[in-house]
1. Can we say residue 109 is in contact (Cβ under 8 Å) with a residue 24 or more places away in the chain, exposed (fewer than 14 other Cβ atoms within 10 Å of the Cβ) and not in a loop (DSSP other than H, G, I, E, B)?
2. Of everything in the stretch 1-30 that's at pLDDT 90 or above and among the charged types (D, E, K, R), which residue is nearest to residue 67 (Cα to Cα)?
3. Can you work out which of the residues in the stretch 83-106 that are part of a helix (DSSP H, G or I) and either free of Cβ contacts under 8 Å to residues at least 24 places away in the same chain or in contact with a Gly (Cβ under 8 Å, 6 or more places away or on another chain) (or both) is farthest from residue 54 (Cα to Cα)?
4. When only residues in the stretch 34-50 that are touching a residue at least 40 places away in the same chain (Cβ under 8 Å) and more than 16 Å from the chain's Cα centre (by Cα) count, which is surrounded by the most Cβ atoms within 10 Å (Cβ to Cβ)?
5. Taking the criterion of being under 16 Å from residue 9 (Cα atoms), acidic (Asp, Glu) and in contact with a Lys or Arg (Cβ under 6 Å, 6 or more places away or on another chain), would at least one residue in the stretch 33-43 satisfy it?
6. Give the residue that is surrounded by the fewest Cβ atoms within 10 Å (Cβ to Cβ), with candidates limited to residues of the stretch 66-79 that are under 24 Å from residue 27 (Cβ atoms) and either modelled with pLDDT of 90 or more or touching a Gly at 6+ places or on another chain (Cβ under 8 Å) (or both).
7. How many residues are over 25 Å from the mean Cα position of the chain (by Cα) and among the hydroxyl-bearing types (Ser, Thr, Tyr) if we restrict to the stretch 95-140?
Amino acid sequence: MSIGPVEYIIIEFPDSKFNGAIVPALSDLIDSGTIRLLDLIFITKDDDGHAVGIEFDEDDLLSGFADLGGDVGGLFTPEDLEHAASTLEAGASAALLMWEDTWATPLVEALRHSGGILREGVRVPHELIEAAIGELETAS
């Protein structure tokens with residue numbers, strides 16, 4: 001089975017204010033075949049700094065995630081959860097998502113068959129690219 005690039009993200013929700021607005025966007029990406037959801041877990045960190053992982057079926061506020069398609073679960077390790085928790089402010093929550101970029105599988109397969117080796121890949125922060133494009137547009 002060919003596997004495309006796999007990414008993970010940590011999305012912090014300050015003060016644990018989560019409204020579920022990301023569920024429809026994720027669902028659209030999954031339904032269109034753009035991504036395949038591989039793992040999803042939530043972390044909450046209390047005001048004393050203690051963190052706990054929560055599966056989406058353990059909290060009614062997260063029930064919208066139950067309808068997402070994918071083989072969710074088992075890939076995040078306790079070390080991953082510990083790392084994610086260390087980045088959170090006290091009183092915050094976070095979603096950890098891991099997905100396969102299925103849209104990129106044909107390119108990855110072509111790279112592998114051509115002997116290409118991926119040496120680095122970086123996600124450019126939105127603020128940086130937005131500012132750079134804005135400067136280019138202003139200079140034109």
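The values are calculated or read from the model by the stated rules, or taken from the named source; none is laboratory data. Everything quoted here is computed from the prediction, not taken from an experiment. Here Cβ is always computed from backbone atoms with ideal geometry, including for glycine, and neighbour counts include all displayed protein chains.
1. Considered against the rule, which asks whether it is in contact (Cβ under 8 Å) with a residue 24 or more places away in the chain, exposed (fewer than 14 other Cβ atoms within 10 Å of the Cβ) and not in a loop (DSSP other than H, G, I, E, B), residue 109 comes out as yes.
2. 28
3. 106
4. 45
5. no
6. Among residues in the stretch 66-79 that are under 24 Å from residue 27 (Cβ atoms) and either modelled with pLDDT of 90 or more or touching a Gly at 6+ places or on another chain (Cβ under 8 Å) (or both), the one surrounded by the fewest Cβ atoms within 10 Å (Cβ to Cβ) is 75.
7. 3
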